[in-house]
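Enquirer: What follows is a single structure, and I will ask about it in a moment.
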Amino acid sequence: MSPRFIKNPTFDELTAVQAEYMSRKGLRMNEEIGIKLFKTCPVCKKVWKARNDFMDDPDVVIIGYQVHFKELTEGLFLFNHSCNATLTVRAGAFSDLYAGPMFTTRLTGTDECPGYCLVEHELRPCPAKCDCAYAREIVQLIKTWPKLDWHENR
């Protein structure tokens, strides 16, 4: 397949073409060409340049969280996009949003733990004072993040 050429491309057009090329080559765009992008949809190729663009998008909805017990920042937040894609973003990409206490004790499997982290689509906040609780609070921030009304901005 020959590359697409666009005369005087906009940033979005250039980024989409680069993302497509890098995807075909199995390379991550951020690492290989130095353009800082937050996320690209694997299905429709929509590009979110920054985390806030992603969070503001009414077509993106959080649907779950997969815990990574060895390294909590490596856990995955799961999102549905309106094109029917499921997107994953590492928990570490949202860590700076959390300003609450960081607990150091793991309570998973104890009487104090409701086990929410073990259920991927469970989005309720966790009442346990556990080291995993910060991710549950980030889920709440993401769920309540104000979405832009795209119709107002067109």
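All of the numbers you see were taken from the coordinates with simple rules; none came from a lab. Computed from a prediction, not measured in an experiment: that's the story for all the values here. Every residue, glycine as well, gets a Cβ built from its backbone with ideal geometry; the counts of neighbours run over all protein chains shown.
Enquirer: What are the ³J(HN,Hα) values, in whole Hz, obtained from phi via the Karplus relation 6.51 cos²θ - 1.76 cosθ + 1.60 with θ = phi - 60°, for each residue of the stretch 75-91 in sequence order, with x given for Gly and Pro?
Expert: With coefficients 6.51, -1.76 and 1.60, one gets x, 10, 8, 10, 10, 9, 10, 4, 7, 6, 8, 10, 10, 10, 9, 4, 4 Hz.
Enquirer: Calculated FRET efficiency, residue 69 and residue 49, Cβ-Cβ r, R0 35 Å, to nearest 0.05?
Expert: 0.65
Enquirer: Need the C-alpha centroid separation for the stretch 83-126 versus the stretch 38-52, integer Å.
Expert: 23
Enquirer: Now for a separate question. Just grab the label-to-label distance for residue 90 and residue 147, each label 7 Å out from Cα along the Cβ direction, in nm (one decimal).
Expert: 2.7
Enquirer: Write out the GluC sites (Glu not before Pro) in the stretch 69-154 meeting two conditions: DSSP loop, and at most 14 other Cβ atoms within 10 Å of their Cβ.
Expert: 71, 112, 120, 152
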